[in-house]
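To start, the structure under review is shown below, and the notes come after it.
The values are calculated or read from the model by the stated rules, or taken from the named source; none is laboratory data. From a predicted model like this one, the values you see are computed outputs, not experimental measurements. Heads up, the Cβs are rebuilt from the backbone with ideal geometry, glycines too, and the neighbour counts pull from every protein chain shown. Areas reflect the complete protein model, heavy atoms only, side chains present, ligands, DNA and RNA absent. Shrake-Rupley method; radii C 1.70, N 1.55, O 1.52, S 1.80 Å.
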Amino acid sequence: MDIKSAKLEVLAGCRAMVDKGLTVGTAGNISMRADAEGVFVITPTSMDYSLLTPDDLVVVDYDGKIVSGKRKPSIEVSMHRLILLNRPDVQAVVHTHSLYATAFASSKEATFLPAFAIEVISYLGGEIAIAEFAPPGSLELAEATVKALGTNAGVLMRNHGAIGVGKTMRDALTAAEILEKSCQIAFFSRIMGGLLDLPAEFVASAKQKSLEKRGVRR
Ligand SMILES: [Zn+2]
């Protein structure tokens, strides 16, 4: 994909993130590889998603150098860069501060999101870890997030939010949406005694199928 197409994907991703209610105001950020040119495109910092044009997006290389763009890149540019560097299968990264995912990741009793439903495994890869807290924009946060993401398509961020990744922008958005809905289900199930585990054998085979479907490479 070239830079022009990657920019259009990022803008479409921003609109979808707002339409799906996965973010409010300027929270969250999105990136997409322009693999034909060895760079990626990322949203700028502190701009209303509904006002963004292709010229507002920032083009960055994998050393973290800004290649073009008149705006400052998102504060989480290092996190997007490290995820893309560590996961060759990932083309798009969607970071949200969606309600239930953030509530879950900020809860005392939540240590991880269990693989309680088929879509948690098939779309996200299995149980979802919560990356340790580090200040927004820090390299520590980028490293903690990459570690907690592993080979999955989603990760939660302690006292902060969530991330969905995928081989297309649509896949990354779907991952962010399924993660949000799964956290919502986790809260509802508390009223009914908590989440039930799936049979271990089923989980193991579904995880393997998910890795193949998502084309995970590291
Ligand atoms: Zn954030």
Notebook entry, point to check: Tell me, what ³J(HN,Hα) does each residue in the stretch 113-124 have, in order and in whole Hz, if you take phi through Karplus 6.51 cos²θ - 1.76 cosθ + 1.60 with θ = phi - 60° and put x for Gly and Pro?
Noted result: 9, x, 7, 8, 9, 4, 6, 5, 7, 5, 8, 9
Item checked: Computed log₁₀ I(q)/I(0) - Debye formula, equal Cα scatterers, no solvent, the stretch 3-214, q 0.14 Å⁻¹ -> -0.76
Check: In whole angstrom, how far apart do the alpha carbon centroids of the stretch 118-187 and the stretch 38-100 sit?
Finding: 16
Next item on the list: Heavy atoms only, probe 1.4 Å: what % of the accessible area of the chain goes to carbon and sulfur, would you let me know?
Entry: 56
Note to self: Test of understanding: extend the Cα→C-beta vector of Lys181 to 7 Å, then name every residue of the stretch 109-124 with backbone N under 14 Å from that spot.
What the structure shows: 117-124
Next item on the list: Apply the Karplus parameterisation 6.51 cos²θ - 1.76 cosθ + 1.60, with θ equal to phi minus 60°, to every residue of the stretch 191-204 and state each ³J(HN,Hα) to the nearest whole Hz, in sequence, with x for glycine and proline.
Entry: 5, 9, x, x, 6, 8, 7, 7, x, 4, 5, 5, 4, 4
Check: Relative contact order (percent) for the stretch 3-214, with alpha-carbon contacts under 8 angstrom and 6 or more residues of separation?
Finding: 20
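All other residues with a Cβ under 11 Å from the Cβ of Ser107 taken together, and with Lys, Arg as +1 and Asp, Glu as -1, what is their net charge? Before the final figure, lay out the partial values.
Details: positive: Lys108, Arg158, Arg190; negative: Glu109.
Once positives and negatives cancel, what remains is +2.
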Next item on the list: Convert each backbone phi in the stretch 67-78 into a coupling constant with the Karplus relation 6.51 cos²θ - 1.76 cosθ + 1.60 (shift: θ = phi - 60°), then list the ³J(HN,Hα) values in order as whole Hz, x for Gly and Pro.
Entry: 8, 7, x, 8, 9, 7, x, 3, 4, 8, 4, 5
Next item on the list: Mind giving me the nanometre distance, one decimal, between the label points for Asp55 and Ile191, set 7 Å out from Cα along Cα→Cβ?
Entry: 5.0
Note to self: Of Phe202, Ala101, Tyr123, which is farthest towards the positive pole of the chain's charge dipole, taken about the Cα centre with +1 and -1 on the beta-carbons of Lys, Arg and Asp, Glu respectively?
What the structure shows: Tyr123
Check: Considering amide H positions built from the backbone, and no H for Pro or chain starts, which residues 5 or more places from Val67, or on another chain, come under 5 Å of its amide H?
Finding: Val59, Val60, Asp61
Next item on the list: Treating only the Cβ atoms of Lys and Arg (+1) and Asp and Glu (-1) as charged, compute the dipole magnitude of the chain about its Cα centre; round to the nearest 20 debye.
Entry: 100
Next item on the list: Hey, for a label at Ser106 modelled as a point 7 Å past Cα toward Cβ, could you say which residues of the stretch 136-176 have their backbone N under 15 Å away?
Entry: 136, 157-162
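Which links in Lys20/Lys167; Lys72/Lys207; Lys108/Lys213; Lys7/Lys108 stretch past 31 Å when you go from one Cα to the other?
Working: Lys20/Lys167 20 Å; Lys72/Lys207 39 Å; Lys108/Lys213 34 Å; Lys7/Lys108 38 Å.
Long pairs (Cα-Cα over 31 Å): Lys72/Lys207; Lys108/Lys213; Lys7/Lys108.
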Margin query: Given the options Phe188, Gln91, Ser78, identify the residue whose Cα lies farthest towards the positive end of the charge dipole of the chain (+1 on Cβ of Lys, Arg; -1 on Cβ of Asp, Glu).
Written below: Gln91
Note to self: Run lengths n ≥ 4 of DSSP H only: what is the helix-derived mean residue ellipticity at 222 nm for the chain, with -39500 (n - 2.57) per run over all residues, to the nearest 500?
What the structure shows: -12500 deg cm²/dmol
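Before I look further, what does the stretch 3-214 give for accessible area per residue, probe 1.4 Å, in whole square angstrom?
Normalised by residue count, the accessible surface of the stretch 3-214 is 46 Å².
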Item checked: Long-range amide H partners of Ala131 with built H, under 5 Å -> Leu156, Met157, Arg158
Next item on the list: Show Thr111, Thr145, Thr151 ordered by accessible area, largest first, where the area counts protein heavy atoms only and the probe is 1.4 Å.
Entry: Thr111, Thr151, Thr145
Margin query: Please list, ordered by chain and number, the residues whose modelled amide H lies under 5 Å from the amide H of Val39; skip anything fewer than 5 residues away on the same chain.
Written below: Ala34
Next item on the list: For the stretch 127-218, just list the percent of Cα-Cα distances falling in each 10 Å bin from zero outward, please.
Entry: 15, 40, 37, 8
